[in-house]
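Asks: Have a look at this one.
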Amino acid sequence: MSQHLVLVSAKPPLAIRSAVERGWAAFSHCPWVLMGFTLLSGGANLAAQLLYRYESGLVFSLMEKPNPVAIALAAVAWSIYALTGLWLVVGLMRGAQLALNQGQPKLADLIRVDGRAMLRCFGTVVLILLVLALIVRLAQASSWLLTLIQPLLAPLPLVAGLVAIVYLSADQILSLPLALIGGLNPLAAFRSGRAATDPHWLQALGLTLVLLAMVLAGFLVLLVGLLVTLPVAACTLTAAYQQLFDQEGRGHLTAA
């Protein structure tokens, strides 16, 4: 585990209101830098997504004789989409950490590409998605077996799977900052996040719902609201992370 990762038990864990207030204060400290980076990286991500949809549409519309150029462009567009998404997350987390530490992040700090951090981010997201997919598959298989034995009990595994998904989603709310700021590998971030949030799962669920509400609110304002809500959500998540870890504000994202 990283030497910067120190679990603090003396303070109330995951104080949601405090995390939101500190997150908003950090965003207000440098709103134009955070929104500018979100516009730059998010715009590149959206352009790549639109290109992928267009090229993949051409690929699937030509079922008899696929166009190699369209396939190659679709693959390139998907790669750019994934990379810009990772770039967005890493940059916002770095900016949030700097702002929370009363620093004055510059656009150059946020746009700096950190390949190792992006790789840890990718691995952490993939690990969580794989566990979620496994839960879904097990629930579906169990439901199918119960349909053959006792159809009335078939919905029970699906309900249990949904509960497990909600539990895991809240349980891993700190995995990304643990991987990015704490410098942990995906498996270590998964384990540390679970150890930190398990005793206070209800607070973690509340934080998850607050962050989800922020992002959804951004979508409701024709995506323009995401320029504000995404940085605020990143600052709030980082503030929650600092309640349990990295009390001195140090981390791998700002150390490089």
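The values are calculated or read from the model by the stated rules, or taken from the named source; none is laboratory data. All figures in this text were calculated on a predicted structure; none of them were measured in a lab. Here Cβ is always computed from backbone atoms with ideal geometry, including for glycine, and neighbour counts include all displayed protein chains.
Asks: Within segment 226-249, is there a residue that is touching a residue at least 40 places away in the same chain (Cβ under 8 Å), part of a loop (DSSP other than H, G, I, E, B) and under 18 Å from Arg120 (Cβ atoms)?
Replies: Within segment 226-249, one or more residues are touching a residue at least 40 places away in the same chain (Cβ under 8 Å), part of a loop (DSSP other than H, G, I, E, B) and under 18 Å from Arg120 (Cβ atoms).
Asks: Also: Residue under question is Ala170, and the condition is that it be hydrophobic (A, V, I, L, M, F, W, C), touching a Lys or Arg at 6+ places or on another chain (Cβ under 9 Å) and assigned to a helix (DSSP H, G or I); does it hold?
Replies: Here the answer is no, as Ala170 does not meet what is asked.
Asks: Scanning for something under 13 Å from the mean Cα position of the chain (by Cα) and at pLDDT below 95, does segment 215-234 turn up at least one residue?
Replies: Within segment 215-234, one or more residues are under 13 Å from the mean Cα position of the chain (by Cα) and at pLDDT below 95.
Asks: Pull out all pairs, ordered by first then second residue, where Cβ-Cβ is under 8 Å, the residues are six or more apart or on different chains, the first lies in segment 178-191 and is over 19 Å from Thr238 (Cβ atoms), and the second is charged (D, E, K, R) and at pLDDT 95 or above.
Replies: Listed pairs, sorted by first residue: Asn185/Arg120.
Asks: Of everything in segment 79-138 that's of a type in the set (D, E, K, R) and in a helix (DSSP H, G or I), which residue is nearest to Ala179 (Cα to Cα)?
Replies: The qualifying residue nearest to Ala179 (Cα to Cα) is Arg120.
Asks: Looking only at residues that are among the β-branched types (Val, Ile, Thr) and modelled with pLDDT under 95 in segment 34-70, which one is surrounded by the most Cβ atoms within 10 Å (Cβ to Cβ)?
Replies: Among those that are among the β-branched types (Val, Ile, Thr) and modelled with pLDDT under 95, it is Val59.
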